[in-house]
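Report on the structure given below.
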Amino acid sequence: MSRREFLLSACGAATAFLALNACTAEEHAAGPASLSATGSTPGGTYEIPPSASVEPESAFEALGGEEFVFDIQGHLLEYHLNPVLNGQDFWASFPQQGCGEDDPRACYSIEHFLELMFLRSDTNMLVLSALPIFPERSPQGHDVMDLTRKVAASLCQDERILLHGQALPNVGKLDAALDAMEHTANAYPVAAWKTFTHFPDAFEGDGNGWWLDDRDPNERQVGERFIRKAKEIGTDTICIHKGLSLGSPFASPDDVGPAAKRHPDMNFVAYHSGFEADVPEVPYTNATRSMGTNRLIWSMEREGIGPNENVFAEMGTSWWFVMRYPDQAAHFLGKLLRYVGEDNVLWGTDCLFYGSPQPMIQAMRSFQISPEFQERYGYPKLTKELKAKILGLNGAKLYGVEPNTQACRFTRRELEQIRRTLPSRNRVLGPTTMAETQAFRDDDREQWATMATMLA
Ligand SMILES: [Zn+2]
């Protein structure tokens, strides 16, 4: 076995987690290393026997699994179909750009996505989640997501990809945006709505953001109308990017609790759980309730929303960050399970942005919260049953799907053949309804001008 093959194997993964355990323990021995290291010993560890670094059987025992894995936050960027970018070079922000293609943008293709998710990880089913990108010629527009779904359905002979509909109630006229939601729901099988209260503000710095609960009369009052429209269309799940704010105040999860209280018949899923990359995950107290995921918990507490009600926490990217810091990982998972609820913590990874999600799955399977943290903070012990709920069963319940643990296997050749036979887009781009057209003409001169330049 070459060194490279070794590192790619389960033994290699086990070695990495064992090293992480050792470093964390050493750090604790040297004294309190961070705000998250609140225990006398590490708050979390990867439960892996030392033998796993050399014995494949032992490594598979610790890191393998047959449970249902349902990743509710998948993304890809198909620049081949939609080569014109609209100002947001998403590809340049993520590790997947180094996959080895001559053009790094090709690393984000439908082919790479399906291979990484279904061949190079234990993921069984997934949701393609919308991105904060203007929909026109988006490299992950509804058409691209739907094509990916169809390719997978042909390859696997079953339905294992669900789609988000993207809603942008604050972009252009509200009536047009709500009309567009209806159009999307008629054209595609929308399993839930994905929306961004901090878009486009986070990228444009233009102050164009909004709140689900219309909390600020000085901002656009589109939250309540958006939620009602989703309900009217017949979708009862709203997914909102919360946390990872890129400096925009609108990404705060403060508005999730109030919106969920006002709409007990709707599910509100905080994607990323309110986590911020530059804020440590610490115990939930009065003094820390404005930090990271604590903001989500506080917004629920203020409204009297308890665990396992209609607020959900999704782990995409957040887990990728915290799994490197076992103390933070323990607080992150422990808090969400205690306050948002053991039925309401949902698996998501944001892959293929980080390559294959397999290391995150392996981390989840082997992670444990220390007895000290369990005792002191009321965090649960992470049993195999609880992990199976997080990794897939909770998501299956929310999205109303039957857990499908059958693997889907295919070759690159089969993948490319199916891609060729499925029709690709050939429709004319632009506003598609009367209200959308009006919105473009009336008050989106700037956007219209940008569109014209792009189409020129
Ligand atoms: Zn995402």
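The values are calculated or read from the model by the stated rules, or taken from the named source; none is laboratory data. Please read these numbers as outputs of a predicted model, since none were measured by experiment. Virtual Cβ from ideal backbone geometry, glycine too; neighbours counted across all protein chains shown. When the accessible area is computed, the model is the full protein with side chains, heavy atoms only, and any ligands, DNA or RNA have been set aside. Shrake-Rupley method; radii C 1.70, N 1.55, O 1.52, S 1.80 Å.
Things to note:
- Protection-proxy order for peptides 233-246, 53-66, 408-421, each taking the mean of Cβ atoms within 10 Å per residue, highest first: 233-246, 53-66, 408-421
- Isolated Cys residues of the chain, judged by Cβ distance under 4.7 Å to other cysteines: 11, 23, 239, 351
- Surface per residue (accessible, 1.4 Å probe) for the chain, Å²: 42 Å²
- When its C-alpha radius of gyration is set against 2.2 N^0.38 Å (N residues), segment 61-186 gives a value of 1.15.
- For the pair residue 61 and residue 228 in one chain, pulling the backbone fully straight at 0.36 nm per residue adds 55.4 nm over the alpha carbon distance.
- Taking every full run of DSSP H in the chain, the ones that stretch at least 24 Å from end to end by Cα along their long axis and average 0.0 or higher on the Kyte-Doolittle scale are 10-29.
- Length-normalised contact order of the chain in % [C-alpha pairs under 8 Å, at least 6 apart]: 20 percent
- Computed helical MRE - 222 nm, the chain, DSSP H runs ≥ 4 contributing -39500 (n - 2.57), nearest 500: -11000 deg cm²/dmol
- Only protein atoms count toward the accessible area here, which uses a 1.4 Å probe; on the chain, the carbon and sulfur part of that area reaches 51 percent.
- When both bridge partners sit in the chain, DSSP labels roughly 10% of those beta bridges antiparallel.
- Peptide ranges 322-333, 109-120 listed from the most packed, as the mean C-beta count within 10 angstrom indicates: 322-333, 109-120
- The alpha carbon centroids of segment 114-193 and segment 295-327 are separated by 24 Å.
- Spherically averaged projected area in nm², based on the convex hull that wraps the Cα atoms of the chain: 22.1 nm²
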